[in-house]
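For reference, the structure is listed below as structure tokens.
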Amino acid sequence: MLILFFTGYIGGSVLARLLAHPDAKNYDITVLVRSKDKAKKFENFGVRAIVGSFTESKLVEELSEQAHAIFSIVSSTLRPGCSPINSLLGEFR
């Protein structure tokens, strides 16, 4: 699973629910964070943290291709950050 823009109220709630799930140990959760300090915090929870930005199209595409599920909790009004997600979603339509 890939979670983008999860450090806010909604994204944090989604991540907390996933980690609390009885099958959580079977999940391979990846989050995209903007700093090494944040990455360390999430790795303590057994979450794979990648330092980068959701505006990095190539990185978002690579991470998305590796994921079975994507939780994109990014406002659709933000540009250009959503463009990789929007283009990937277009491939599934």
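Structure notes:
- Residue-by-residue Karplus 3J(HN,Hα) for the stretch 39-51, coefficients 6.51, -1.76, 1.60, Hz, glycine and proline x: 4, 4, 4, 6, 5, 5, 8, x, 9, 6, 10, 10, 7
- Length available on full extension from Ala16 to Val51: 0.36 nm per residue minus the Cα-Cα distance, which gives 10.6 nm.
- Fraction of accessible area attributable to carbon and sulfur, the stretch 1-51 (%, probe 1.4 Å): 54 percent
- Per-residue Karplus couplings for the stretch 18-34, computed as 6.51 cos²θ - 1.76 cosθ + 1.60 with θ equal to phi - 60°, are listed in order as 5, 5, 8, 5, x, 9, 3, 5, 8, 8, 10, 9, 10, 10, 9, 10, 8 Hz, Gly and Pro entered as x.
- Packing, as the average of other Cβ atoms within 10 Å across residues, places the peptides 14-23, 33-42 in the order 33-42, 14-23, highest first.
- Under 27 Å of direct C-alpha separation, and excluding same-chain neighbours fewer than eight residues apart, Lys58 reaches these lysines: Lys36, Lys38, Lys40, Lys41.
- Once backbone amide H atoms are built at 1.01 Å from N, Ala49 has Val31 as its partners under 5 Å, excluding neighbours fewer than 5 places away on the same chain.
The values are calculated or read from the model by the stated rules, or taken from the named source; none is laboratory data. Just so it is clear, the structure is predicted and the values come from calculations on it, not from any experiment. Virtual Cβ from ideal backbone geometry, glycine too; neighbours counted across all protein chains shown. Areas reflect the complete protein model, heavy atoms only, side chains present, ligands, DNA and RNA absent. Shrake-Rupley method; radii C 1.70, N 1.55, O 1.52, S 1.80 Å.
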